[in-house]
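First the structure, in the form of structure tokens, and then the observations on it.
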Amino acid sequence: MEKRVAPGTGFIELLARLICESDDPPIRRAGKDLPCSEPNVGRWIQDSDFPFLMNTLALPDNVFVREFPEIALSQREREAFAKTLEKHCSDCARCNAKQAEDIAWQLRVEEAIVENREAIGEALAQTVVQR
């Protein structure tokens, strides 16, 4: 399914349009009204995109230190924290639902990019040319 890119369309606007125009049903998170079983851990899941958070925690030390100099966590401490978050998601219905929603969104974005590679390439090229 090839989409044409309107002149001046930004990458984010195009990606949003492609996702909205997909045949996938809307993502509706069940459980957001449930209480979190461990709010101190759950706030990390509620306030972040779960796949992004996990990928950030998995960064090599040199990259993590460069990107987050104010956060003094070793690779081992980040791995332990990631395991804590994953365990919490398996134990807490609210955070499990948020995790599932975030993963569903990630898959939807990846699918839109793969299906519309040419249109996205044109939008990115326009963005580079305009700067």
*Would you point out the residue of segment 14-63, among those that are at pLDDT below 95 and of a type in the set (S, T, N, Q), that is farthest from Ala100 (Cα to Cα)?*
Asn62
*Only one of (1) within 29 Å of Leu14 (Cβ to Cβ); (2) exposed (fewer than 14 other Cβ atoms within 10 Å of the Cβ); (3) in contact (Cβ under 8 Å) with a residue 12 or more places away in the chain is not met by Thr84, so which one is it?*
(1)
*Look through segment 66-90, keep the residues that are among the aliphatic types (A, V, I, L, M) and modelled with pLDDT of 95 or more, and return whichever of them is nearest to Asp102 (Cα to Cα).*
Leu85
*asked:* Testing Cys92 on (1) within 19 Å of the chain's Cα centre (by Cα); (2) crowded, with 17+ Cβ neighbours inside 10 Å; (3) among the hydrophobic types (A, V, I, L, M, F, W, C), one condition comes back false. Which one is that?
replied: (1)
*Return the only residue of Arg117, Arg94, Arg78, Arg108 being in contact with a Gly (Cβ under 6 Å, 6 or more places away or on another chain) and of a type in the set (D, E, K, R).*
Arg94
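The values are calculated or read from the model by the stated rules, or taken from the named source; none is laboratory data. This structure is a prediction, so every number in the text was calculated from the model and none was measured. Note that we place each Cβ from the backbone using ideal geometry, even for glycine, and neighbour counts take in every protein chain shown.
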